[in-house]
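Visitor: Just passing along the structure, written as C-alpha cells.
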Amino acid sequence: MQQEDRDRRAVGSVRLWESVVAVLLMAFGALIAWDSHRIGSTWGDNGPRAGYFPFYVGLFILVSGTAILYSALRMSPEEGREPFVRWGELRMVLTVFVPSIVYVALIDNPWYPLGIYVPSALFIGAFMRYLGRYGWLTVVAVSVGVMVAFFLMFEIWFQVPLPKGPLETALGFG
Amino acid sequence: MHEIESLFGGFAVALSWFNLMLMFAGIILGVIIGVLPGLGGANGVAILLPLTFTMAQTPGGQTSAIILLSCIYWGALFGGAITSILFNIPGEPWSVATTFDGYPLAQKGRAGAALTSAFTSSFFGALVGVLLITFLSPIVARFALRFGPPEFFGVYLLTFCAFVGMSKGSPFKTIASMMTGFALAAVGIDTVTGQLRLTFGFTELLKGFDFLIAVIGLFGIGEILLTIEEGLEFKGTQAKLNMKVVLQTWKELPRYWKTSIRAAIVGCLMGIVPGGATPASFMSYGLAKKMSRDGEKFGTGVVEGVVAPETAAHAAGTSALLPMITLGVPGSPTAAVLLGGLLIWGLQPGPLLFTEKADFVWGLIASMYLGNIVGLIVVLTCVPLFAAILRVPFAIIAPVILVICAIGSFTVHDSMFDVWMMLMFGAMGYVFKKLDYPLAPMVLALVLGDNAEDGFRQSMLLSQGNLSIFFSNSLVGTLTALALLLLFWPVISRLIAIARGRAGGAPPTTTTD
C-alpha cells in the first residue's frame with residue numbers, strides 16, 4: 001500500500017515544469033543573443049556579420065519563453081496543479097534512461113572503452129533479466145544472438161565499422 | 001505529355017531487379033519501423049540513412065538509395081495503421097484518427113475488414129498524391145526556376161509560419177521549438193564568414209548539431225521514455241486476414257467513393273503545407289462524419305470511419321514530398337530526413353534537380369507508384385507476421401531499439417559525442433512532448449536553418465539591409481503576405497470568433513484540442 005501511495009505522488013505540477021522549461025528557454029535565448037552580439041550581430045564592411053541571423057533567433061526564443069512563462073503563471077488552478085509526472089511513472093522512465101547512460105558510458109570512456117558490441121549485449125541482457133525476469137539461458141541466447149546478427153550486418157554486409165573493444169581485438173577483428 | 005514520357009523513363013530506372021528488391025526490403029523494414037514503438041518513419045529513416053552512404057556513391061546508386069528510403073517511408077505509413085487498429089496505439093500522429101473507428105471494428109471481430117479498408121484507402125490516397133506529384137511538380141519546378149534568394153526565403157518563411165498558424169497548442173511553444181532548431185543549426189562554423197559561432201570554446205561543437213542525431217533522440221529515445229511511463233503492456237486483438245475477408249471488404253469499399261475522393265482532396269491540399277498530414281486526417285474524419293448518411297454511427301466501428309482518415313493521411317504524406325523535391329522545403333519530419341539524405345549524397349533539392357538529375361527525380365516518382373503497389377501486397381499478406389512483432393515483450397524490444405538508436409547515431413559521423421547528444425535530445429524530447437511542445441518545427445528548422453539563413457542574408461545583401469525587399473515584387477510579396485497571414489492566424493481566427501459571437505449572439509466556437 002505504501003509503495004502504491006508513493007507511486008501516485010506527483011513530481012512537480014504542470015505549472016512548475018512549464019515555468020522551469022520556460023525559464024530555461026529564456027536563458028538559452030539570452031545566451032544565443034549574447035554570443036551572437038559578441039561576434040557581431042550588425043552590418044559589417046561586406047554585409048551582415050556572423051551573428052546577424054542567430055542574434056534575432058536568440059531574441060525570438062527569449063520573447064517566446066517569456067510568453068510561455070506568463071501563460072504558465074496564469075494557468076487556472078485545476079490545470080496548473082495537474083501532476084507533471086507521477087513517481088511510479090518517473091521510476092519507469094529512469095529505469096530506462098539511467099541504464100542507457102551507463103550503456104553509452106561503457107562504450108565510450110577515457111579509461112576502458114568496451115566497444116559497442118559487448119555493452120549492447122550486456123544492456124539487452126540486463127533488461128531481459130531484471131525487467132523481463134527471463135531465465136539466464138534465454139537472456140544469453142537473445143542478447144548475444146542479436147549482437148552477433150548486428151555484427152554480421154554492419155561489419156561484414158554493409159561494411160560500416162562500429163567501435164570495437166578488447167574482446168573484438170582478441171578475436172582478431174580490431 | 002512530356003510528363004508521361006519522363007515517367008516511363010523513370011519506370012525503366014526503377015524496374016531493375018536490384019531496385020525491386022530494395023523496394024521489398026524497404027517496405028518490410030518500414031512496416032516493422034511503423035509497428036514498433038519508438039521507431040517512427042522519421043527516425044527509422046534517420047537511423048538507416050548512414051547505411052546508404054556507400055550505396056549512393058556508386059553510379060545510379062543515388063536513385064537506389066532514395067528508393068530504399070522512400071519505401072521505408074511508405075512502409076511506416078502503412079505500419080501505423082496496424083498498431084492503431086489492432087492495439088489502439090497510433091504508430092504515427094496521423095494514425096490517431098484511424099483508431100476512432102479502427103479499434104472498435106477490431107473489437108467487434110472485424111479486424112480484417114478494418115485492416116483491409118485501411119490499407120486499400122492508404123493505397124488510394126497515396127496514388128492520388130503521386131498523380132499530383134507527377135503532373136504538378138514539373139510545373140512547380142519550372143516556376144521556381146525564377147526564384148531568387150528573397151523568393152526562397154519567402155517560401156521558408158511560409159513553411160515556418162504555417163507551423164505557427166496550424167499548431168493546435170500555444171503558438172509560442174511552436175515558435176520556441178522552431179527557433180531552438182534554428183539556434184542549434186547555427187552552431188559551428190559560419191558558412192559565409194568562416195567565423196566560429198556559439199561554440200563557447202568546445203571543440204566538439206565545431207561541426208554543429210546534426211539533425212539526424214536530433215531526430216533519433218527526440219523521436220526515438222523520447223518516444224520510448226514516454227511509452228515506458230505506462231509500464232507498457234500490449235493488449236491487442238488477434239488479426240486474421242485471409243483472401244475472403246479482403247475480397248468482401250473490397251466489394252464494400254466502392255460504396256464510400258465520395259468519402260474517398262473528398263479525403264484525397266483534403267489530404268493533397270493539406271499535405272503540401274508543412275505538418276499537414278495529422279490535421280488532414282482529423283479534418284477528413286470530421287468531414288466524413290458530417291456528410292455521411294451513417295454519421296451518427298461514427299466512432300462505434302464503421303468502415304467509412306477508417307477510410308476517411310487513412311486516405312487523407314496517405315495523400316498528405318505523399319504530397320508532402322512535392323515541395324521537398326521541387327523547392328527543397330520538406331512538408332513533414334520524414335520528408336525533412338529524406339531531404340537531408342539528398343544533401344548528404346551531394347544532391348541539391350530544388351527546381352534545378354528536375355533539369356540536372358532528371359533520371360533521379362523520375363526514378364523516385366516511378367518508385368512511388370511501384371512502392372505503394374508493393375506495399376499494398378506486402379501488408380495484405382503479412383499482417384499476422386507484423387502483429388507478432390508487437391507481441392515480442394517490451395523487455396526485449398526496448399533495449400534492442402535503444403541499441404539500434406545508439407548505433408544509428410554513431411554511424412552518422414563515426415562519433416561517440418553524437419551518441420551522448422542523442423541521449424540529451426532524448427531527455428529533451430520527453431520533457432517537450434509532455435509539455436506539448438511540437439517537435440516537427442524544431443527538426444525542420446535544424447534541416448533548413450543554413451539554407452534559410454543564406455536566403456535571408458543574400459536578400460539583405462541585395463537590398464542593403466532593407467526588409468522591404470520581401471515585398472519588392474508580386475511573387476515574393478504574395479509569399480510574404482501569405483506567411484504573415486498564417487503567422488497571425490491564431491490571433492485573426494480569435495478576432496473573427498469574437499466578432500461573430502457579438503454579431504450573431506451565438507457563443508464563439510472554441511476548438512477543443
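Readers should treat all values here as calculations from the given coordinates under stated rules, not as data from a laboratory. Computed from a predicted model, the values in this text were never measured in an experiment. Note: ideal-geometry Cβ built from the backbone for every residue, glycine included; neighbour counts use all protein chains shown.
Visitor: Round to the nearest 0.05 the FRET efficiency obtained for A:L171 and B:I377 when R0 = 56 Å and r is the Cβ-Cβ distance. Don't jump to the answer; show the numbers that get you there.
Guide: Values: r = 42 Å, r/R0 = 0.75.
The computed FRET efficiency comes out at 0.85.
Visitor: Helix A:52-73 sits at what angle to the longest principal axis of chain A, using alpha carbons and giving 0 to 90 degrees rounded to 10?
Guide: The angle comes out at about 90 degrees.
Visitor: When a footprinting reagent is the concern and you count Cβ atoms within 10 Å, what order do B:L343, B:L218 take, fewest first?
Guide: Working: B:L343 15, B:L218 29.
In increasing order of surrounding Cβ atoms, one gets B:L343, B:L218.
Visitor: What FRET efficiency do you get for A:R38 and A:R86 if R0 is 45 Å and r is their Cβ-Cβ distance, rounded to the nearest 0.05?
Guide: Working: r = 43 Å, r/R0 = 0.96.
It comes out at approximately 0.55.
Visitor: Between the stretch A:1-49 and the stretch A:110-166, how many Å separate their Cα centres?
Guide: 36 Å
Visitor: Now for a different question. Points 7 angstrom from Cα along the Cβ direction at B:R142 and A:V98: gap in nanometres?
Guide: 6.4 nm
Visitor: Hey, for a label at A:R6 modelled as a point 7 Å past Cα toward Cβ, could you say which residues of the stretch A:85-120 have their backbone N under 11 Å away?
Guide: Of the residues in the stretch A:85-120, A:88 have backbone N under 11 Å from the label point off A:R6.
Visitor: Rounded to the nearest 0.05, what FRET efficiency do A:L31 and A:L137 give with R0 = 56 Å and r taken as the Cβ-Cβ distance? Could you check?
Guide: Values: r = 53 Å, r/R0 = 0.94.
So the FRET efficiency works out to roughly 0.60.
Visitor: Could I ask something else about it? Could you calculate the contour length gain from B:K108 to B:T199, that is, 0.36 nm times the residue separation minus the distance between their Cα atoms, to one decimal place in nm?
Guide: Details: separation 91, 0.36 × 91 = 32.76 nm, distance 5.76 nm.
So the chain would gain 27.0 nm between B:K108 and B:T199.
Visitor: Further question: Just subtract the alpha-carbon distance of B:E356 and B:N473 from 0.36 nm times their residue separation and send over the number in nm, one decimal. Present the calculation step by step, with values, prior to reporting the outcome.
Guide: On the way: separation 117, 0.36 × 117 = 42.12 nm, distance 2.79 nm.
Result: 39.3 nm gained on full extension.
Visitor: Another question, then. Ranked by Cβ crowding within 10 angstrom, fewest neighbours first, how are B:S292, B:S319, A:S64, B:S463 ordered? Intermediate results must be reported in sequence, preceding the final value.
Guide: Working: B:S292 18, B:S319 32, A:S64 25, B:S463 15.
Sorted ascending by nearby Cβ count, the order is B:S463, B:S292, A:S64, B:S319.
Visitor: Can I ask one more? Nearest 20 debye, what's the magnitude of the dipole of the protein assembly as shown about its Cα centre given +1 on Lys and Arg Cβ and -1 on Asp and Glu Cβ?
Guide: I would put it at about 1640 debye.
Visitor: With a cut-off of 8 Å between alpha carbons and a minimum separation of six or more residues, what is the relative contact order of the stretch B:90-229 in percent? Provide the component values of the computation, followed by the final result.
Guide: On the way: 56 pairs, mean separation 12.9, N = 140.
With pairs under 8 Å counted, the relative contact order is 9 percent.
Visitor: Further question on the same structure: At B:I492 and B:M55, where each label point lies 7 Å from the Cα along Cα→Cβ, what is the point-to-point distance in nanometres?
Guide: 4.3 nm
Visitor: Now for a different question. Given Cα pairs under 8 Å that are at least 6 residues apart, what percent is the relative contact order of chain B?
Guide: 28 percent
Visitor: Can you tell me the orientation of helix A:87-107 relative to chain A, as the angle in degrees between its alpha-carbon axis and the longest Cα principal axis, to the nearest 10?
Guide: Roughly 70 degrees between the two axes.
Visitor: Go ahead and estimate [θ] at 222 nm for chain B from helices alone: -39,500 (n - 2.57) per DSSP H run with n ≥ 4, summed, over the residue count, rounded to 500. Intermediate results must be reported in sequence, preceding the final value.
Guide: Details: 23 runs with 366 residues, N = 513.
Rounded to the nearest 500, it is -23500 deg cm²/dmol.
Visitor: Using helices alone, I'd like the mean residue ellipticity at 222 nm for chain A: each DSSP H run of four-plus residues gives -39500 (n - 2.57), total over residue count, nearest 500.
Guide: Working: 8 runs with 116 residues, N = 174.
Mean residue ellipticity, 222 nm, calculated: -21500 deg cm²/dmol.
Visitor: Sticking with this structure for a sec: Percent relative contact order of chain A, based on C-alpha pairs within less than 8 angstrom and at least six residues apart? Before the final figure, lay out each step's value.
Guide: Numbers: 188 pairs, mean separation 36.3, N = 174.
Result for chain A is 21 percent.
Visitor: Exposure proxy check: B:T98, B:T227, B:T83 ranked by fewest other beta carbons within 10 Å?
Guide: On the way: B:T98 31, B:T227 20, B:T83 26.
Listed from fewest to most nearby Cβ atoms, that is B:T227, B:T83, B:T98.
Visitor: Rounding to the nearest 10 and keeping the result within 0 to 90°, find how far the Cα-based axis of helix A:136-151 lies from the longest principal axis of chain A.
Guide: Result, in degrees: 70.
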